[in-house]
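The block underneath contains the structure these notes are about, expressed in structure tokens.
The values are calculated or read from the model by the stated rules, or taken from the named source; none is laboratory data. None of the values given here were measured: they were computed from a predicted structure. Note that each Cβ is placed from the backbone with ideal geometry, even for glycine, and that neighbours are counted across all protein chains shown.
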Amino acid sequence: MMRFVLSFVALMAAVPAMAEIAIKEVTSPGGIKAWLVEEPSIPFMALEIRFKGGTSLDAPGKRGATNLMVGLLEEGAGDLDAQGFAKAGESLAAQFGYDSGDDAVAISARVLSENRDEALELLRLSLIAPSFPETALERVRNQVLSGIRSSLKDPDKIASARFNALVFGDHPYGSDENGTLESVSALSREDIVAAHRGALAKDRMYVSAVGDITAEELGPLLDRLLGELPETGAAMPAQSAPQITGTVDVVDFDTPQSVAIFGQAGMHRDDPDFFAAYLLSTILGGGGFESRLMTEVREKRGLTYGIYSYLVPKDLANLYLGSVASANDRIGETIAVIREEWAKISSEGVTAEELDAAKALLTGAYPLRFDGNSSIANIMVGMQVDDMPIDYMVTRNDKVNAVTLEDVNRVARELLDPETLMFVVVGKPKGV
Amino acid sequence: MLRSLALALGVALCAVPVWANDLVTDFTLDNGMQVVVVEDHRAPVVVHMVWYRAGSADEKPGVSGVAHFLEHLLFKGTDTLEPGEFSATVAAQGGRDNAFTSYDYTAYFQRVAADRLELMMKMESDRMVNIRLGEEEILTERDVIIEERNMRVENSPGALFREQMGAVQYYNHRYGVPIIGWRHEMEQLGLQDALEYYGTYYAPNNAILIVAGDVEPDAVKALAEQYYGVIPANPDLPERARPQEPPQTTPRRMVYTDPRVAQPYVTRSYLAPERNPGDQRQAAALTLLGEILGGGTTSVLNQKLQFEQKLSVYTGAWYSGVSLDRTTFNLTVVPVPGVSLQEAEDAMDAAVAEFLETGVDAEQLERIKMQLRAAQIYERDDVGRLANRYGRALTSGLTIADIQEWPEILQSVTGEEIVAAARAVFEKKNSVTGWLMAEEEVTQ
């Protein structure tokens, strides 16, 4: 039996061309909620599942357990060993993704209409009945250890590890979610089983589906696929209070180009000023060629190939981060320019023209994101994880447009703090 | 900007199934510019791309990196656009733009709302022939590409290693020179070098327009004629005949050491035939060979080296037949700690030799073919990727017919053909074997 809690049509306008995205909120007979867009023109379905918590749920002393567990889900399930599972998936041309991050475990699937039930049965086995065989554990553990060893000599990874350690300390955000050589080497099969039991549970689960499937079909399908997961999982980790002190921390590493990560406190997604901050961050260091940092550091001075800064609203902390890389003898100048721009936009604000351009970019780009089954499924699951209403996509551009120049410039003064802007530099920097 | 909001039950998108090559329309303008339209009407989005049949392998000796340098400079203004105005204009429409350079092509693209296509064509056709560059911005941008090289290559021992491998693989062909350029030549690149390359290769009869998304072919044709059709063809466009490889008669070996290497590995590349117009069968066999040897958990190398012998962390095989001239087939083994690179290499050679004796596992081949069939369905979800596939193939000497026949050719290749193609390609005299390792291990 299907119960439609809400059905809803959002008319997305890409000024003035228009596409309709009809999102249905479906609740399965067993009580699993999902957002669905029926799109029968291509005979496949994209399914996205998120479990909040992710690698930050690692038990004390078991760093890396969640990451290793997720890496093992497709390495043996039910009666199938790793080879058997892979062969079955290949025969069905099903595409499964198993990924873990510090806020969530992400499961992605793309399955053909012609064998949807068989493909999802395979996916079910990997989520509900992974067998975590010892041989697979050793093999995948070696792969994780190889990755950790590589990270220890990768300037980008060294920089983020150092930055996170300084800012987050003992909080899970403060250490590498893959674990250390020591912690991963010590993980037992029991630790992996416990991590599975703690991370994949219904009380933290979010689901979206887009493609060749109806609401009537989706409910029973979700019950079969996910109904056997435990109702509750491990306790959610605590919020973190980031420690940001305005220092420049240098990690000595013999490489020709210095890599820098910089950052300060950010803003919560629910903050009434979030859209003002988002517009501000677009103007200062957004992804395009026309941001202030890109203009000053790359276009005018040729100091880098790319520089970006962005708000990072996470589940357990909010940061405002940036990254850049310059040759060892030029990184000092790069950092000076960044500090200058940070101070300038904080004290002088942005111009009306800059704000209009940023609004045009954000509002024009938004509808362009909804351009395929996989991308729509991804956006919809993200909206649920962030507790956004189902009509968010209809009101979102209005919220962007409602931001005033005064709002942005007030937020620039309140949020941006050149004094606490902190740098971690990895390389052989001169004059830093 | 939303027009209205309606609450309704079960209103789905109206869509007509479209299949295989029905999505694609192509035609040629009077000046020789080829046009490909890929339709997808699910969302009001369009990707507009111009591909030039010119890449780093078309550069003259001594100015390596100039094709990529010019790609950067095309954002620096024309007679009517200020530096940076191109990207700013795209951004003002909510769009995004970028460009990329490879051995055989240089391509520029924007992703915008479908009703902004005309503006994109207006600007892109303008910079095909009207760029305006000053000496000073050239120097700043040269610093940018040197930082790009720092980031992509100098900071990565793996990238430095691959660069050396390529240089040793090709005795005479420009594929042996990195796309981004050798650093000492990049440092000397000047305005005249860029303008000479621009004048030689940037012309409608050397370009392909690809438009993918919510567009009608007739409307694209009318706009293309208006903006690109009026640009005269370059009558002096040189024939694309690059220096070719002589017979290779000696296996080459190299050991690349760098203290920044954390995970040593062994890799081997063999010179290999590419897809050619009307002649793609051997390349199809090699494509399937790559999947059989290195495509995922059930591949031959993974099964033998990772699962049975437990001596590798990772194995891989790569082949891409989309290339104007001879390409390579590559094998890689990353050993577990305690296994030497010599042992890894020996195990790799033994696994391949055993495969040549036992032949192709019929079930494995069928699984791979099933996935290739499904890929044609999944690919419809992302017409941008489909557009890319056309662009790469058309700038690598293939025709529309070759691209459209390719899936069927792959399906028809037999296990015997795959083994025959493997035997032909796995000739040590055509190969380079490289070891990447940290310095301290070399002294042992």
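Suppose we filter B:L372, B:L365, B:L356, B:L341 for residues that are under 27 Å from the mean Cα position of the chain (by Cα) and over 19 Å from A:S113 (Cα atoms); which single one remains? The conditions single out B:L365. Got a number for residues in region B:368-397 being at the interface with chain A (Cβ under 8 Å from one of its Cβ atoms) and either hydroxyl-bearing (S, T, Y) or more than 23 Å from A:D212 (Cα to Cα) (or both)? Number of matching residues: 2. The listed residues are B:A387, B:A374, B:A393, and the only one of them that is crowded, with 18+ Cβ neighbours inside 10 Å and free of Cβ contacts under 8 Å to residues at least 60 places away in the same chain turns out to be B:A374. Is there a residue in region B:50-66 that is within 19 Å of B:I145 (Cα to Cα), within 14 Å of chain A (Cβ to nearest Cβ) and of a type outside the set (A, V, I, L, M)? Yes, that holds for at least one residue. Considered as a group, the residues in region A:364-382 that are facing another protein chain (nearest Cβ under 7 Å) and at pLDDT 95 or above include one that is surrounded by the most Cβ atoms within 10 Å (Cβ to Cβ), and that residue is A:N373.
For region B:102-114, the count of residues that are away from chain A (no Cβ under 14 Å), among the aromatic types (F, W, Y) and surrounded by fewer than 21 Cβ atoms within 10 Å (Cβ to Cβ) is zero. Filter region B:350-364 for residues that are within 11 Å of chain A (Cβ to nearest Cβ) and part of a helix (DSSP H, G or I); which is nearest to B:P277 (Cα to Cα)? Here the answer is B:Q364.
Residues checked against (1) small (G, A, S); (2) in a strand (DSSP E or B):
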position	(1), (2)
B:V35	no, yes
B:V38	no, yes
B:R42	no, no
B:V46	no, yes
B:S64	yes, no
B:F69	no, no
B:H72	no, no
B:T80	no, no
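Of the listed requirements (1) facing chain B (nearest Cβ under 10 Å); (2) at pLDDT 95 or above; (3) closer than 30 Å to A:R50 by Cβ, A:A325 misses just one: (3). Scanning for something within 30 Å of A:A94 (Cβ to Cβ) and in a helix (DSSP H, G or I), does region B:334-349 turn up at least one residue? Yes, that holds for at least one residue. If you go through region A:253-267 and keep only what is touching a Pro at 6+ places or on another chain (Cβ under 9 Å) and either more than 20 Å from A:P418 (Cα to Cα) or assigned to a strand (DSSP E or B) (or both), you end up with A:F253, A:D254, A:T255, A:Q257, A:S258, A:V259, A:A260, A:G263, A:Q264, A:A265. Within region B:142-165, if we keep just the residues that are in a helix (DSSP H, G or I) and either among the aromatic types (F, W, Y) or without any contact (Cβ under 8 Å) to a residue 24 or more places away in the chain (or both), the residue that is farthest from the other protein chains (Cβ to nearest Cβ) turns out to be B:R162. Quick one: which of B:E196, B:E245, B:E225 is touching an Asp or Glu at 6+ places or on another chain (Cβ under 9 Å), surrounded by fewer than 17 Cβ atoms within 10 Å (Cβ to Cβ), in a helix (DSSP H, G or I) and modelled with pLDDT of 95 or more? Result: B:E225 is the single residue among B:E196, B:E245, B:E225 that is touching an Asp or Glu at 6+ places or on another chain (Cβ under 9 Å), surrounded by fewer than 17 Cβ atoms within 10 Å (Cβ to Cβ), in a helix (DSSP H, G or I) and modelled with pLDDT of 95 or more.
Of the helices (runs of 4 or more DSSP H) lying entirely inside region A:110-211, those containing at least 2 residues that are within 30 Å of B:R380 (Cα to Cα) and out of contact with any Gly (no Cβ under 9 Å at 6 or more places or on another chain) are A:116-128. Could you check A:R124 against (1) under 30 Å from A:P43 (Cβ atoms); (2) among the charged types (D, E, K, R); (3) within 26 Å of the chain's Cα centre (by Cα); (4) within 11 Å of another protein chain (Cβ to nearest Cβ) and say which number it fails? Going through (1) under 30 Å from A:P43 (Cβ atoms); (2) among the charged types (D, E, K, R); (3) within 26 Å of the chain's Cα centre (by Cα); (4) within 11 Å of another protein chain (Cβ to nearest Cβ) one by one, A:R124 breaks only (4). Residue count for region A:298-322 satisfying the condition of being assigned to a loop (DSSP other than H, G, I, E, B), within 13 Å of another protein chain (Cβ to nearest Cβ) and of a type outside the set (A, V, I, L, M): 6.
Cβ-Cβ distances below 7 Å connect the following pairs, each with a first residue in region A:329-344 that is among the hydroxyl-bearing types (S, T, Y), a second residue that is assigned to a helix (DSSP H, G or I), and a separation of six or more residues or different chains: A:T334/A:V297.
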